[in-house]
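Notes follow the structure.
Computed from the coordinates by the stated procedures, all read-outs in this text should not be read as laboratory data. Everything numeric here is computed off the predicted structure, so don't read it as measured data. Reconstructed Cβ throughout: ideal geometry from the backbone, glycine too, with neighbour counts over all protein chains shown.
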Amino acid sequence: MAALTKALLGFFRQAEPRTAPFGWGIALDGAIAVGAAVAAVFEAAQTTSHGPVLGLVALTALPLALRRVFPVAAWLGIIAAITVVQQTTTPPAALGAAVFAAYSAIAHSKYRNLAIAGVVVVTLAATAYSPLPRFPGRLTAVLTIAPTVIAGLGIRELRRRLNDSAARLRRAADEQETATLQAIETERARISAELHDVVTHNVSVMMIQTGAARKMLNTSPGEAEEALLAAEAGGRVAMAELRNLLGLLSAAQRDGESVALHPQPGLHHLPALIERVSAAGLPVELDVSGTPRPLPPGADLAAYRVVQEALTNVLRHTANAATAVTIHWGDELVITVSDNGPGTGGNWGRGLLGLRERLALYGGQFDAGPRAEGGWRVRAVLPA
């Protein structure tokens with residue numbers, strides 16, 4: 001018995017989330033309640049002029065003002081008022097208010113099961129002893145309750161679905177916003193890495209060339225001029241790469257020469273890269289073994305950036321150290337850049353760290369560190 005009682009209490013105490021009523025909704029309910037009360041009093045005044053009775057008649061509709069805030073209490077208040085006044089007069093407006101309050105109790109109460117049970121039981125009890133006319137077969141209660149319960153449950157279910165749809169839309173919008181922000185951050189990081197690779201390499205080459213030109217300006221003007229021309233050419237290359245990277249230019253005119261956009265560099269641009277670095281005074285040897293195969297554009301660019309960043313670091317940290325670039329095509333693409341200089345002293349820097357992340361995107365591996373025989377080595381492995 002105790003278990004059954006506990007189960008019943010749990011059933012009737014099941015609460016559902018309820019949206020707080022809006023100000024305009026409460027104001028509208030107040031207007032409806034006042035209008036219904038005036039109509040009920042006007043109808044009752046046709047048969048009685050007793051003041052207290054008319055006051056009770058007004059109470060058969062005024063609780064509608066709280067039908068969203070306290071739906072069950074408002075309905076019970078109307079039923080109680082009707083029960084008191086029905087011995088003398090029960091205007092149709094009061095009955096309409098009772099049906100509307102019953103609907104509101106089912107549609108707006110947080111305790112749905114309790115509201116349904118209360119509406120059914122109280123309405124059956126009220127109509128059983130009511131002096132009002134009955135439908136054939138004593139269907140008064142059924143014909144009163146059934147449409148009200150169905151309408152209340154239907155509106156309640158519709159509101160629940162609308163709330164669920166709104167919640168899904170909000171989640172979708174939040175997820176889309178999060179994905180957009182992540183995409184923006186990823187793109188910013190990619191552009192930042194590309195800018196770092198392009199700018200640091202070309203500026204390092206230009207600095208070395210202009211420094212060499214300054215030293216030879218008085219003693220070897222011809223060689224100084226060649227170094228300055230090489231620095232100027234490096235600047236043009238840097239500007240072209242920046243324009244290609246940022247997509248700011250489809251075709252430009254510089255000194256009467258048309259500069260068009262080109263695809264991002266790849267391993268097939270290594271000879272030109274090594275030529276520019278060698279012109280800056282860094283002796284570099286390139287050794288390619290195996291059968292070259294095409295790589296996806298992103299992986300091809302990553303492989304090129306590995307060599308570019310490694311050579312840039314050699315220029316910045318070891319000046320004229322002899323450097324070897326080895327490209328081996330096998331089951332995997334293995335890229336090795338080694339030199340015999342003093343190395344970077346363990347300072348990886350943003351460029352090398354960025355290369356590790358870039359290669360990881362394509363399933364590759366990256367490592368950099370000092371060699372046992374002296375110097376520094378950068379090694380990258382990509383699926384071929």
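Before moving on, here are some points about what is shown:
- Counting 0.36 nm for each residue step from Leu217 to Arg356 and taking away their Cα separation leaves a gain of 46.0 nm.
- Rg/Rg_ref, segment 29-115, where Rg_ref = 2.2 N^0.38 Å and atoms are Cα: 1.04
- Placing a pseudo-label 7 Å from each Cα along the Cα-to-Cβ vector at Trp24 and Asn340 gives an inter-label distance of 8.4 nm.
- Bins of 5 Å from zero: percent of alpha-carbon pairs in segment 68-115: 5, 25, 30, 19, 13, 7, 2
- If the segment from Arg159 to Ser289 were pulled out straight at 0.36 nm per residue, it would be longer than the present Cα-Cα gap by 39.8 nm.
- The phi-based Karplus calculation (6.51 cos²θ - 1.76 cosθ + 1.60; θ = phi - 60°) puts the 3J(HN,Hα) values of segment 175-181 at 5, 5, 5, 5, 5, 5, 5 Hz, whole numbers, x for Gly and Pro.
- Virtual spin-label span in nm between Ile32 and Trp329, 7 Å along Cα→Cβ: 7.9 nm
- Amide H contacts of Gly290 (H built 1.01 Å from N, under 5 Å, at least 5 apart or other chain): Trp329
- Stokes-Einstein D for segment 281-384, Kirkwood Rh over Cα pairs, 37 °C, 0.692 mPa s (µm²/s): 239 µm²/s
- One decimal place: the segment Ala183-Val121 gains 16.4 nm when fully extended, by the rule 0.36 nm per residue minus the C-alpha distance.
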